[in-house]
1. Quick check: is even one residue across the range 129-151 among the hydroxyl-bearing types (S, T, Y) and either over 30 Å from Y109 (Cα atoms) or open to solvent by 70 Å² or more (accessible area, probe 1.4 Å) (or both)?
2. Identify, from the list L95, L106, L86, the residue that is touching a helix residue (DSSP H, G or I) at 6+ places or on another chain (Cβ under 8 Å), within 22 Å of A149 (Cβ to Cβ) and part of a strand (DSSP E or B).
3. Filter the range 132-165 for residues that are acidic (D, E) and over 22 Å from D98 (Cα atoms) and give the result.
4. Which condition from (1) at pLDDT 95 or above; (2) in a helix (DSSP H, G or I) is the one that V247 breaks?
5. Scan the range 141-151 for residues that are touching a strand residue (DSSP E or B) at 6+ places or on another chain (Cβ under 8 Å) and either part of a helix (DSSP H, G or I) or at pLDDT below 95 (or both) and jot them down.
6. Give the residues of the range 269-300 that are outside any helix (DSSP H, G or I) and open to solvent by 10 Å² or more (accessible area, probe 1.4 Å), sorted by residue number.
7. Only one residue in P154, P125, P158 is within 21 Å of L190 (Cα to Cα) and modelled with pLDDT under 95, so which one is that?
Amino acid sequence: MSKRRPRQPDDEIQIKNTLSRRDFVRSGAMVAAAFAASKDVFAAAAGRPLADEGSAIRFGVASYTFRNFSRAQMIDFLKQLNVLELNAKDTKDHLPMDPQAEAAALADYAAAGIKLHAAGTIYFPKDEDADIRSKFEYCKRAGIGVIVAGDPAPETLPRIERFVKEYDIRFAIHNHGPEDKIWHSPLDVLKAVKGMDPRMGCCIDVGHTVRAGTDVVQAIHEVGARVHNMHMKDLTNFQSKESQVAVGEGMMPVKKIFDALGAIKYKGFVDLEYEIHADDPMPGVIESFAYMRGVLAGMA
């Protein structure tokens, strides 16, 4: 985000009526989101598809975006965003691993009309059947079709593949950029799973991908049908993790990414993972969805 402008002398009289840039972005993006939502209502009433229906692009949210907020607060945010597809993580009370607590969370999501399409990031530190099965059972109970996996060791993948076949749940290894000891880029994932069951694949995090020095558009084409999930974010500097901004404010080639997903006939979700302003994420989240929906509308 750019810094607010220095105060001018004749601003003093009107200072109480002056909005900060983040407040301005919040209000402006709210108007844009409301306008988009109203168009969706008219489209639905006329029997026309919504902006992201029938396209290769479907939007969701990674619950890590709202890691400082409770499940009830996050549900309210999702309703405000008109985004009812969630990649849930066991953080706060979003999707607890405990079966009883998980059931309560699932009931809340169902009541709110929110669908869970993925879970993660989930970690697989042990090459043991019991530990791996517990994670697959967790997702099976939730009716989730994609596990976003954080750090599986390459030697555990044949064992994990057996569970993928048994449960018919796709396994998407999340690349974490240059800091990751193994999975820097989606291309590292592709090398490891290339000869395995097609449900063994990748969650491409676009921010970590570009920081690893990989062309994210080329990576989408190369990984192809093994792209099982996408984490969307934006950066102003492809060498700096700390340069994250709202989608559309940075250098990320969003339209080319969407074009590439269309070319590979991607049927999964593009999940916004907004990792900055953890205590006040909504202005940036709203701005990000307004921009992505605008790009999608322009493509249509």
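The values are calculated or read from the model by the stated rules, or taken from the named source; none is laboratory data. Everything numeric here is computed off the predicted structure, so don't read it as measured data. No Cβ is skipped: glycine too gets one built from the backbone with ideal geometry, and neighbour counts run over all protein chains shown. Heavy atoms of the whole protein, side chains included, go into the accessibility calculation; ligands, DNA and RNA do not. Shrake-Rupley method; radii C 1.70, N 1.55, O 1.52, S 1.80 Å.
1. Here is the first cut: in the range 129-151, the ones among the hydroxyl-bearing types (S, T, Y) are 134, 138.
Remaining after also requiring either over 30 Å from Y109 (Cα atoms) or open to solvent by 70 Å² or more (accessible area, probe 1.4 Å) (or both): none.
No.
2. Numbers: L95 fails: part of a strand (DSSP E or B); L106 fails: part of a strand (DSSP E or B).
Testing whether each residue is touching a helix residue (DSSP H, G or I) at 6+ places or on another chain (Cβ under 8 Å), within 22 Å of A149 (Cβ to Cβ) and part of a strand (DSSP E or B) leaves just L86.
3. Quick first cut of the range 132-165, residues acidic (D, E) only: 137, 151, 155, 161.
Of everything in the range 132-165, those that are acidic (D, E) and over 22 Å from D98 (Cα atoms) turn out to be E155, E161.
4. (2)
5. If we filter the range 141-151 for residues that are touching a strand residue (DSSP E or B) at 6+ places or on another chain (Cβ under 8 Å), which is where we start, we get 142-150.
The answer is A142, G150.
6. Step one: of the range 269-300, the residues outside any helix (DSSP H, G or I) are 269-281, 300.
Once the filter is applied, which keeps residues that are outside any helix (DSSP H, G or I) and open to solvent by 10 Å² or more (accessible area, probe 1.4 Å), the range 269-300 yields F269, E273, E275, I276, H277, A278, D279, D280, A300.
7. Values: P154 fails: modelled with pLDDT under 95; P158 fails: modelled with pLDDT under 95.
The match here is P125.
Conditions (1) modelled with pLDDT of 95 or more; (2) in contact with a Ser or Thr (Cβ under 7 Å, 6 or more places away or on another chain), marked per residue:
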position: S38; (1), (2): no, no
position: F69; (1), (2): yes, no
position: A72; (1), (2): yes, no
position: D76; (1), (2): yes, no
position: L84; (1), (2): yes, no
position: N87; (1), (2): yes, yes
